[in-house]
Every structure is written in structure tokens, then in C-alpha cells.
Amino acid sequence: MWGWLGLVLQFFGKDKLITEIADDDVAKLVAWRRGHRVMFSTGTLLSPHTVNHTVTTLRKLFTRCKLWGVRFDHEPMWSRHLLPTPAERVRELSDDEADKLDAVMRDDYAPFFAFAQATGWRLNECFLRWSEVNWSTRQITKLGKGGKRIALTITETIREILWPLRGHHPEFVFTYVHEREERGHAKGERSPLTYAGVQTYWRRLRKRSGVVGFRIHDYRHDFATKLLRQTSNLRLVQKALGHSSIKTTTRYAHVLDSEVAEAMERVAKLRTKRVTRLKAV
């Protein structure tokens, strides 16, 4: 949140009063953000979703000020400044793609991606500290998106991923091995994985594997799709993903289409059998 507010402050400057911000100012803010590029990328412009996040951050600041009694005579029409965004696609990892990724995956990065795939957690939620892992209660507890507490039962699969990592680092669960001496670290020394580091490695991994169009976030989609296919329970998937509204979870409902078709076929066959019996009589 503070990072986004920092961007707003960077654009408007410290002397701009929030009560002076009007529609034209927000339009210029959007144009400014649309010219920015993705961090650690050589040419990719920010997505409409990211640009919109800047606008909604400013809007939240207006809302907070209203609670403090600030009056706005020319509050921006926020909906006018939100860019159209495509519906988020649901991407599932095929067995062939999984094999290709595994074939070129570094051993030190493999546990992190295995954890992401097994839990469906968001990328920034996967950076665990040992203090968040409780072996005695078989629970992992930490703060997730929006400062919301999230908890995960340490299943046998999760245990097999995490248990061998004990002793690699006193604080952080997932680490990588320095392949050469760099930035004061000796070759073979371990350092904690970082958000930016994982993103960079992922781009290289995907290029080497030949897997196209699969993002790190798609591990979350893959998890949800497979879980729904196994359980046919949207409420369960909602809880597993930590969605506050089941409306968000319904994007995975297409998984149940085949089951609906099968059920329709069973009903049709029952009807046919009934008609056949009546004719026989």
C-alpha cells in the first residue's frame, strides 16, 4: 500500500493538496502510469490492471480522508479513469508442460515451485519464514493478501517439500545456491529467495523449457482447477484459495461443464429406459 501511495506522491508532489485533485489530474496520472514499464523487463508496458491499481489506491485515500471529515467539492469520477481489463484467463498446466519444466528446473528452486503448485498460494505468500511453520500443530500461518491471516495444514506432500530444507537458513525456508562468488557471497553459499529473483529465474526457466503462456500465478489457477475437478465443490475451492467472495471462485466453474454434460446424459438415458418399459407394457 505504501509503495502505491509513494507513486501517487511522486506524481503530484508534496505540495499538491488532495482537495485540489480533480478529474483532469487523475487523467494525467493514468497517462503517466501507462508509460511505465514492468520492473525487470526491457520493454513490457504496465498492464491495465496495474495502472488501475494506482487509481484505486488514490481513491482509497479519498475515502479515508472523508472519514476524517475532509470535504471534496470536485472529487474525480473514478470509473471514468479505469482502463478496460480482459477477464482473467484460467490456465492449467498439462502433464507434458510439467515434465518440460521439471527437466530444466534447478534443484535449489524446485521446492519453491513445488510448494506454489501444491498450495495454490499467491507468489508473495510463498516466501515462508521458519517462524511461520509449526511442526507440532502441523500448521503454516502467516499474513496474506490485504494483511489477512492465512493458514495451511502441513499435509504429507507439504512436509516432504519443507522437511529437507531445515538447516539451509536460520530464518527463511526457501533459498538458492550461489553458483559463483558474487556480491560478497561465496560459491555454494545459500541466500533467501526473493520476489524479484524468482521472477527473473522463472523467465529463464520458461524460455529453456519451451513452455509458452504459463505464468507463475497460473500455478494458482492450476491448483484450483485440479482441486475442483477432484471435489466438484466450489465452496471448498473458495476456502482453499482464500477468496472472500465465491463469485471470484466461479471462474473455475467451467471445470464442471463435463460433469453437467454427463449428468444430462444419465437423465436422458433414464428417460429412454422408462419410455422403453412403457412401450413393452
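No lab work stands behind these numbers, since they all come straight from the coordinates. Nothing here was measured: the structure is a model prediction, and the numbers come from that model. Neighbour counts are summed over all protein chains in view; Cβ atoms, including those assigned to glycine, are modelled from backbone coordinates with ideal geometry.
Summarising the amide proton neighbourhood of Leu45: residues at separation of 5 or more, or on other chains, whose placed amide H is nearer than 5 Å comprise Val38.
Each Lys or Arg adds one and each Asp or Glu subtracts one; over the other residues with Cβ under 13 Å from the Cβ of Cys126, this totals +3. Between rounded, prolate and oblate, where does the range 95-213 land on the alpha carbon gyration tensor, with a ≥ b ≥ c its root eigenvalues, rounded for a/c under 1.5, else prolate if a/b exceeds b/c? Cα axes put the range 95-213 in the oblate bin.
In order along the range 132-147, phi translates into HN-Hα couplings of 8, 9, 10, 5, 5, 8, 6, 9, 10, 10, 7, 8, x, 4, x, x Hz, rounded to whole numbers, per the Karplus curve 6.51 cos²θ - 1.76 cosθ + 1.60 with θ = phi - 60° and x for Gly and Pro.
Remark: Ile216, Ile150 ranked as Ile150, Ile216, counting other beta-carbon atoms within 10 Å and listing the fewest first. Near the amide H of His185, within less than 5 Å, lie no amide hydrogens of residues on another chain or at least 5 residues away, with H placed in the peptide plane.
Residues whose amide H falls under 5 Å from that of Ile154, counting only those 5 or more places apart or on a different chain, are Gln139, Ile140, with hydrogens built in the peptide plane. Dividing the alpha-carbon radius of gyration of the range 2-81 by the rule-of-thumb value 2.2 N^0.38 Å gives 1.13. Restricting the chymotrypsin sites (Phe, Trp or Tyr not before Pro) of the range 43-107 to loop positions (DSSP other than H, G, I, E, B) with no more than 16 neighbouring Cβ atoms within 10 Å leaves Trp68, Phe72.
Tell me the relative contact order for the range 95-213 as a rounded percent, counting alpha carbon contacts under 8 Å between residues six or more apart. Working shown, then result.
On the way: 125 pairs, mean separation 32.4, N = 119.
Answer for the range 95-213 is 27 percent.
Counting pairs of alpha carbon atoms under 8 Å apart in space and at least six apart in sequence, what relative contact order in percent does the range 1-66 give?
Working: 31 pairs, mean separation 23.9, N = 66.
About 36 percent, as a whole number.
What are the trypsin sites (Lys or Arg not before Pro) within the range 1-32 that DSSP puts in a loop, where the Cβ has at most 11 other Cβ atoms within 10 Å? Filter output for the range 1-32: Lys14. Estimated from helices alone, the mean residue ellipticity of the chain at 222 nm is -15000 deg cm²/dmol (sum of -39500 (n - 2.57) over DSSP H runs with n ≥ 4, per residue).
Applied to the range 4-21, the Karplus parametrisation 6.51 cos²θ - 1.76 cosθ + 1.60 on θ = phi - 60° returns per-residue 3J(HN,Hα) values of 5, 5, x, 5, 4, 5, 4, 6, 7, x, 6, 8, 7, 6, 5, 6, 8, 6 Hz, with x for Gly and Pro.
Please work out the ratio of the alpha-carbon Rg of the chain to 2.2 N^0.38 Å and round it to two decimals. Intermediate values should be presented prior to the final figure.
Details: Rg = 24.5 Å, N = 281, 2.2 N^0.38 = 18.7 Å.
Rg over 2.2 N^0.38 Å, computed on Cα atoms: 1.30.
Residue by residue, the range 118-123 carries 3J(HN,Hα) couplings of 7, 10, x, 6, 5, 3 Hz when phi is fed to the Karplus relation 6.51 cos²θ - 1.76 cosθ + 1.60 (θ = phi - 60°); x denotes Gly or Pro.
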